[in-house]
Amino acid sequence: MNGVISGRHYRTGLPLEVHVNGGVIEAVHTLSANPHMADWPWLAPGLVDLQVNGGWGLDLNTLPLKPETVAGLSRRLLTRGVTSYCPTLITNGPDQLAEAASAIAEAVRTRPDIAGLIAGIHLEGPFLSPEDGPRGAHPLEHICPPDWEAFCRWQEAAEGLIRIITVSPEWPGAAAFISRCSATGVRVSIGHTAASPEQIREAVAAGAVMSTHLGNGMHLTLPRHPHYLWEQLAADELFGCMIADGCHLPDALLKVILRVKQSRAILVSDAVSLSGMAPGAYRLHIGGDVVLTPEGRLHLAGHPQLLAGSAMMLADQVSYLAGAGLVPLEDAIDCASLRPARLLGLPQAAGLTAGRPADLIGYRKVGGGGLEIQAVWKHGRLAAASKD
């Protein structure tokens, strides 16, 4: 698409014109201040969500998964400012994972309108810890050690779309598996783990680059000092992914992750199919009986202390982070846009600069320090003007 997008730069506040040619930013011109600019939207890079399981009743982990479900979820995410995301498949049987991965690949191959939204699949499991606590809501019967042949089968079904895999390095041979994944360009994330500090360090040395929802998927109690949370916080090589929904992590731990990880601190929604749904008791295809409280906390019905994913979308988590005073709004936006794009090696990581995809959000600032999405552009095309 070609045209001009006008607004105020999300960091400088200066009025600017973003010139778009063929869906790419051709030039960015800063303008002189004028009396009308107070009504202009703020412009920022589009959001990039590395972990989405579903939303609005659409579930990527309920089979049979149809390309229509993938497309519907993608379009809804776009209205909420997410211009790129990773559909996330959680632990399931080998055949079921292959079937779901194939459905996502078919959606990307056959639906050009949503293909550009999907940055790759995030495979969260089944190579996770079998222990209660670290395993979270992942079904124990499908948890297993890392298996290269199984992974290759799923990657083939996904037509090469798997870009992230969450692994617990506590398994024998995990470091070798991580190394093979990294050599193929797949980002390996440490998560749902009971690994020792030594095993965490081995995983980082083998090529692991991030931590899946750091601070969650853990034992309820840990040794005072030597444990996997400290070790991941201390590993400068790891991006630290956070769920900032007011339920998964206390503000104090969010503040610690932000300070320790700095430019490697990332927001992920971990949104599940119940995001956007009314509070109540539900039964999920994977996870079983769960409860969504009026406060937005989603937990296993029989274990209120164990969460079953997030019910808050990424833009709202940006608002939460800024509204809690943990970082300025512009830094919260970077946590959900430039930084995850950098981890995946996407060109959007350069932000509002010439030669990059014209993926933008227009928003207004609201009370409490947050934002309200007013418009979304994907490759320069106005994709949404929604307040839902």
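The values are calculated or read from the model by the stated rules, or taken from the named source; none is laboratory data. Note that the structure is predicted; figures quoted are calculated from it, not measured. Ideal geometry is used to build each Cβ from the backbone, glycine not excepted, and the neighbour counts take in all protein chains shown. Quick note on the areas: whole protein, heavy atoms, side chains included, nothing else; ligands and nucleic acids left out. Shrake-Rupley method; radii C 1.70, N 1.55, O 1.52, S 1.80 Å.
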- Task: Might you let me know whether the stretch 190-198 holds any residue that is outside any helix (DSSP H, G or I), under 19 Å from L267 (Cα atoms), polar (S, T, N, Q) and open to solvent by less than 20 Å² (accessible area, probe 1.4 Å)?
- Result: no
- Task: Quick one: count up the residues across the stretch 230-257 that are part of a helix (DSSP H, G or I) and open to solvent by less than 20 Å² (accessible area, probe 1.4 Å).
- Result: 4
- Query: Taking the stretch 30-45 as the search range and keeping residues that are out of contact with any helix residue (DSSP H, G or I) (no Cβ under 7 Å at 6 or more places or on another chain) and modelled with pLDDT of 95 or more, which one is most open to solvent (accessible area, probe 1.4 Å)?
  - Reply: W42
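Do the conditions hold for D316, that is, is it under 19 Å from M218 (Cα atoms) and crowded, with 21+ Cβ neighbours inside 10 Å?
Working: under 19 Å from M218 (Cα atoms): no; crowded, with 21+ Cβ neighbours inside 10 Å: yes.
No: the conditions fail for D316.
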- Task: May I ask you to list the residues in the stretch 147-185 that are open to solvent by 30 Å² or more (accessible area, probe 1.4 Å), assigned to a loop (DSSP other than H, G, I, E, B) and either at negative phi or touching a His at 6+ places or on another chain (Cβ under 9 Å) (or both)?
- Result: D147, L161, E170, W171, P172, T184
- Scanning the stretch 132-166 residue by residue, the ones that are charged (D, E, K, R) and either modelled with pLDDT under 95 or under 22 Å from the mean Cα position of the chain (by Cα) (or both) total 4
- Does H299 fit the bill of being more than 21 Å from L78 (Cβ to Cβ) and open to solvent by 40 Å² or more (accessible area, probe 1.4 Å)? no
- Is the stretch 263-270 home to any residue that is over 16 Å from S310 (Cα atoms) and open to solvent by 20 Å² or more (accessible area, probe 1.4 Å)? yes
- The helices (runs of 4 or more DSSP H) lying entirely within the stretch 1-119 that contain at least 2 residues which are farther than 30 Å from P134 by Cα and under 18 Å from the mean Cα position of the chain (by Cα) are 67-79, 112-115
- Message: When the residues of the stretch 100-146 are narrowed to those that are among the polar types (S, T, N, Q) and farther than 20 Å from L78 by Cβ, which ends up most open to solvent (accessible area, probe 1.4 Å)?
- Response: S102
- Query: Within the bounds of the stretch 199-211, is there any residue that is out of contact with any Cys (no Cβ under 6 Å at 6 or more places or on another chain), open to solvent by 10 Å² or more (accessible area, probe 1.4 Å) and in a strand (DSSP E or B)?
  - Reply: no
